[in-house]
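In what follows, a single structure is set out as structure tokens and then discussed.
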Amino acid sequence: MSAVSASKYRPFPPVALPNRQWPNRTLTRAPIWCSVDLRDGNQALAQPMSVEEKLEFFELLVKIGFKEIEVGFPSASQIEFDFCRRLIEEKRIPDDVAIQILCQCREDLITCSIEAMRGAKNAIFHLYNSTSPAQRKHVFNASRADIVAIATRGTAWVKQYSAPLVAAGTRMRFEYSPESFTSTELEFALEICEAVTDIWQPTVADKIILNLPATVEYATPNVHADQIEWMATHLTRRDRTIISLHTHNDRGTGIAATELALLAGADRVEGTLFGNGERTGNVDIVTVAMNLFTHGIATGLDFSDINHVREVYERCTRLEVPPRQPYAGELVFTAFSGSHQDAIKKSWAAQKPNEPWDVLYIPIDPADIGRSYKAIIRINSQSGKGGVAYVLEHEFGYSLPKLMHKEIGKIINDVADAKGNELTPAEIHEVFRREYLERMAPVALQHFKTTERDSAVKCEATLTLDGASHQLTGEGNGPIDAFVRSLAATSLPKFELLSYAEHSLGKGAEARAVSYIQIKTDRGHTLFGAGIDTNIELASIKAIVSALNRTLAKK
């Protein structure tokens with residue numbers, strides 16, 4: 001990619017549209033959606049879907065809520081033809097769903113396609129031919145007039161041969177695509193669309209669909225929007241026309257181009273789930289729809305179980321949704337950065353059920369698309385104290401004191417750093433238990449008992465210290481104070497209690513208590529201990545022993 005090689009490319013020409021309106025508009029409603037997964041998406045697969053896989057995928061699209069589904073290219077192969085017939089003959093198409101087929105402007109292909117659609121209640125005949133200067137020159141060696149004639153003859157044949165289907169009760173709609181629209185001269189694209197519309201004669205009640213595809217994405221999204229607005233403002237029968245989009249992703253801006261073109265006046269979007277399609281793919285309808293949803297716009301599509309949608313898609317197409325793919329990717333609701341984790345935890349805690357969603361770094365409530373809250377925070381060596389505390393609380397029920405977050409965060413980060421990759425919640429829990437709850441040396445608590453008299457509490461304790469048993473007694477204003485005083489008779493380091501917290505772990509009669517105690521030794525070391533027991537008193541004593549063992553381990 002040297003500077004010299006760049007000279008062989010040229011910038012895409014802008015559109016003369018001095019009074020463009022789309023930059024000042026706001027999207028307020030969803031477009032008409034049309035899935036082309038079973039045609040455009042399927043033809044782009046290294047291993048096209050089997051008939052059974054296409055049937056399952058069709059049922060998924062219906063369940064999601066698509067009312068227009070392009071099911072194939074029935075004149076292209078017997079498999080495509082048979083699939084269309086099977087959908088119709090087995091009555092798999094709901095009455096409110098239109099199947100769409102694609103066809104070139106050839107009479108034999110049109111009659112074959114009409115036969116494939118026989119008996120359908122709702123159908124869209126999608127006719128296309130290429131219109132760009134390069135296509136006219138290199139593929140067809142044809143003039144503009146020749147290309148217009150191809151399109152108008154094809155339209156007339158569709159109208160002629162579909163008449164018996166319409167008479168038999170099929171609602172037949174017509175869609176025309178000037179393929180390679182975005183690289184076609186706008187005035188010629190308008191000319192051919194007007195000529196086709198002249199033949200079809202749409203009405204306000206039965207509009208023509210003019211699909212203006214970005215067959216290859218050549219320009220920035222704003223230029224695409226200009227092209228769509230130019231067409232929308234120059235069509236003589238705009239009130240009898242549905243302007244449809246079919247964007248590809250060659251420049252990585254298919255979604256942006258679609259959104260800006262909707263601002264420019266388009267009514268309809270053709271695309272695929274997760275952007276499957278030729279080269280870099282079609283526009284990802286999931287992302288376009290969910291983007292609208294996050295702005296409070298009802299989309300008419302149901303992605304409330306997006307994991308299931310992804311599972312069917314991956315199994316039928318043999319493609320994988322990338323982990324960072326918006327909304328559906330495995331990691332899109334995952335935060336590794338410590339500062340992000342902390343912000344998510346705090347803002348999520350402040351989120352009120354009946355208020356607009358406003359959780360930092362998470363633009364949509366994962367529950368709305370069937371994702372789990374448990375996947376929000378994951379831990380590696382870059383994670384912070386808030387993330388570790390979040391996992392321990394939401395996965396295992398430990399509500400650590402705020403002052404303990406930094407301590408456990410450093411311990412976990414050191415382990416993750418040594419391991420060199422992410423720690424699972426189970427691994428985090430294991431480190432926590434090993435560090436705080438399962439230390440039995442050099443101090444082990446064998447027995448603890450208290451008696452209360454007046455306002456004083458007396459304790460009797462048996463400790464094992466470096467293998468030797470010690471019988472201890474102490475008296476204080478409570479069990480913890482009494483136990484701390486009893487330790488004065490041992491060689492253990494002197495310390496003071498700085499903080500104490502406890503809560504139940506679980507519910508019901510079998511619930512246990514967990515205690516967290518922070519101590520400061522006479523050498524200035526400050527650290528926490530933790531203990532668990534069905535008895536809250538014993539949990540607290542175990543927490544002190546935990547803290548002492550951790551202190552001794554640091555010598």
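The values are calculated or read from the model by the stated rules, or taken from the named source; none is laboratory data. Worth saying up front: this structure is predicted, and the values here are computed from it rather than measured. Because the Cβ atoms are built from the backbone with ideal geometry, glycine has one as well, and the counts that use them run over all protein chains shown. Surface areas here come from the heavy atoms of the whole protein model, side chains and all, with no ligands, DNA or RNA. Shrake-Rupley method; radii C 1.70, N 1.55, O 1.52, S 1.80 Å.
Taking the range 43-60, which residues are under 23 Å from Ser244 (Cα atoms) and without any contact (Cβ under 8 Å) to a residue 60 or more places away in the chain?
Phe58
This table checks each residue for (1) at pLDDT 95 or above; (2) more than 18 Å from the chain's Cα centre (by Cα).
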{"position": "Thr241", "(1), (2)": "yes, yes"}
{"position": "Gly254", "(1), (2)": "yes, no"}
{"position": "Ala264", "(1), (2)": "yes, yes"}
{"position": "Val283", "(1), (2)": "yes, no"}
{"position": "Val286", "(1), (2)": "yes, no"}
{"position": "Phe293", "(1), (2)": "yes, no"}
{"position": "Gly300", "(1), (2)": "yes, no"}
{"position": "Arg315", "(1), (2)": "no, no"}
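What are the pairs, 6+ residues apart or on separate chains, where a residue within the range 72-100 that is in contact (Cβ under 8 Å) with a residue 12 or more places away in the chain has its Cβ under 8 Å from a residue that is part of a strand (DSSP E or B) and among the basic types (Lys, Arg)?
Listed pairs, sorted by first residue: Ala98/Arg171; Ala98/Arg173.
Looking at the structure I just gave you, is Leu498 at pLDDT below 95, within 55 Å of the chain's Cα centre (by Cα) and part of a strand (DSSP E or B)?
yes
Looking at the range 465-481, is at least one residue over 23 Å from Gly409 (Cβ atoms), of a type in the set (Ser, Thr, Tyr) and touching a residue at least 24 places away in the same chain (Cβ under 8 Å)?
No, because not a single residue in the range 465-481 is over 23 Å from Gly409 (Cβ atoms), of a type in the set (Ser, Thr, Tyr) and touching a residue at least 24 places away in the same chain (Cβ under 8 Å).
Taking the residues in the range 521-544 that are β-branched (Val, Ile, Thr) and in a helix (DSSP H, G or I) as candidates, determine which candidate is surrounded by the fewest Cβ atoms within 10 Å (Cβ to Cβ).
Within the range 521-544, the match that is surrounded by the fewest Cβ atoms within 10 Å (Cβ to Cβ) is Ile536.
Kindly indicate whether Ala489 is surrounded by 12 or more Cβ atoms within 10 Å (Cβ to Cβ) and touching a helix residue (DSSP H, G or I) at 6+ places or on another chain (Cβ under 7 Å).
no
Regarding the range 516-525, can at least one residue be identified that is farther than 20 Å from Arg434 by Cβ and touching a Leu at 6+ places or on another chain (Cβ under 9 Å)?
Among the residues of the range 516-525, at least one is farther than 20 Å from Arg434 by Cβ and touching a Leu at 6+ places or on another chain (Cβ under 9 Å), which makes the answer yes.
Of (1) among the β-branched types (Val, Ile, Thr); (2) over 19 Å from Glu314 (Cα atoms); (3) in contact with a strand residue (DSSP E or B) (Cβ under 8 Å, 6 or more places away or on another chain), Val71 satisfies all except one. Which?
The one condition Val71 does not meet is (2).
Which numbered condition trips up Ser339, out of (1) small (Gly, Ala, Ser); (2) touching a residue at least 24 places away in the same chain (Cβ under 8 Å); (3) in a loop (DSSP other than H, G, I, E, B)?
(3)
Taking Tyr516 as the residue in question, decide whether it is part of a strand (DSSP E or B), among the hydroxyl-bearing types (Ser, Thr, Tyr) and either touching a Cys at 6+ places or on another chain (Cβ under 7 Å) or open to solvent by less than 10 Å² (accessible area, probe 1.4 Å) (or both).
Spelling it out, Tyr516 is indeed part of a strand (DSSP E or B), among the hydroxyl-bearing types (Ser, Thr, Tyr) and either touching a Cys at 6+ places or on another chain (Cβ under 7 Å) or open to solvent by less than 10 Å² (accessible area, probe 1.4 Å) (or both).
Taking the range 228-260 on its own, how many of its residues are farther than 20 Å from Leu292 by Cα, of a type in the set (S, T, N, Q) and open to solvent by 10 Å² or more (accessible area, probe 1.4 Å)?
2
Yes or no: the range 236-257 includes at least one residue that is on the phi > 0 side of the Ramachandran plot, assigned to a loop (DSSP other than H, G, I, E, B), touching a helix residue (DSSP H, G or I) at 6+ places or on another chain (Cβ under 9 Å) and of a type outside the set (D, E, K, R).
Checked against the condition, which is being on the phi > 0 side of the Ramachandran plot, assigned to a loop (DSSP other than H, G, I, E, B), touching a helix residue (DSSP H, G or I) at 6+ places or on another chain (Cβ under 9 Å) and of a type outside the set (D, E, K, R), the range 236-257 yields no hits at all.
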